[in-house]
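First up is the structure itself, then whatever we jot down about it.
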């Protein structure tokens, strides 16, 4: 059984993640989750579940489009056998 402190910490974490979804803030969401790689299409937490599914129910449409764009970008990078982080760095230099 979790202690009061652990339950409070988990509730605060949920609130930070939920707020990032509601605001449509990708950077804040990545910071708030334990595994930033779960964004955009992984399991964010036990309480929230799938990132994309939660976004569909709780986020602005523009944020859902952003998540879908990120998923497409990652799929293209994988198909080309390019490290997504390297691809992002190259694009940011331009």
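The values are calculated or read from the model by the stated rules, or taken from the named source; none is laboratory data. Treat the numbers as computed from the prediction; the structure is a model and nothing was measured. Cβ sites come from the backbone with ideal geometry, for glycine too, and all protein chains shown count toward neighbours.
If I go through segment 66-84 residue by residue, how many of them are touching a helix residue (DSSP H, G or I) at 6+ places or on another chain (Cβ under 9 Å) and at pLDDT below 90?
If we filter segment 66-84 for residues that are touching a helix residue (DSSP H, G or I) at 6+ places or on another chain (Cβ under 9 Å), which is where we start, we get 66-68, 70-71, 73-74, 76-78, 80, 82-84.
Within this subset, residues satisfying the condition of being at pLDDT below 90 are 70-71, 73-74, 76-78, 80, 82-84.
Summing the residues that are touching a helix residue (DSSP H, G or I) at 6+ places or on another chain (Cβ under 9 Å) and at pLDDT below 90 in segment 66-84 gives 11.
Across segment 60-74, what is the number of residues that are part of a helix (DSSP H, G or I) and under 16 Å from residue 25 (Cβ atoms)? Steps first, please.
Narrowing segment 60-74 to residues part of a helix (DSSP H, G or I): 61-74.
Of the ones still in play, those that are also under 16 Å from residue 25 (Cβ atoms) are 61-67, 69-70.
Of the residues in that region, 9 qualify.
Of the residues 37, 32, which single one is under 9 Å from the mean Cα position of the chain (by Cα) and under 19 Å from residue 75 (Cβ atoms)?
37
I'm trying to understand the selection: among the residues of segment 1-17, which are closer than 14 Å to residue 46 by Cβ, in contact with a helix residue (DSSP H, G or I) (Cβ under 8 Å, 6 or more places away or on another chain) and surrounded by 11 or more Cβ atoms within 10 Å (Cβ to Cβ)?
Across segment 1-17, the qualifying residues are 13, 17.
Being under 10 Å from the mean Cα position of the chain (by Cα) and touching a residue at least 12 places away in the same chain (Cβ under 8 Å), is that true of even one residue in segment 1-16?
Pass one, segment 1-16, residues under 10 Å from the mean Cα position of the chain (by Cα): none.
Looking through segment 1-16, none of the residues is under 10 Å from the mean Cα position of the chain (by Cα) and touching a residue at least 12 places away in the same chain (Cβ under 8 Å).
Under 7 Å by Cβ, and 6 or more places apart or on different chains, what pairs join a residue from segment 38-65 that is at positive phi and modelled with pLDDT of 95 or more with one that is part of a helix (DSSP H, G or I) and surrounded by fewer than 14 Cβ atoms within 10 Å (Cβ to Cβ)?
Close Cβ pairs (under 7 Å, with a partner that is part of a helix (DSSP H, G or I) and surrounded by fewer than 14 Cβ atoms within 10 Å (Cβ to Cβ)) do not exist here.
From the list 47, 81, which residue is surrounded by 11 or more Cβ atoms within 10 Å (Cβ to Cβ) and not in a helix (DSSP H, G or I)?
Numbers: 81 fails: surrounded by 11 or more Cβ atoms within 10 Å (Cβ to Cβ).
Testing whether each residue is surrounded by 11 or more Cβ atoms within 10 Å (Cβ to Cβ) and not in a helix (DSSP H, G or I) leaves just 47.
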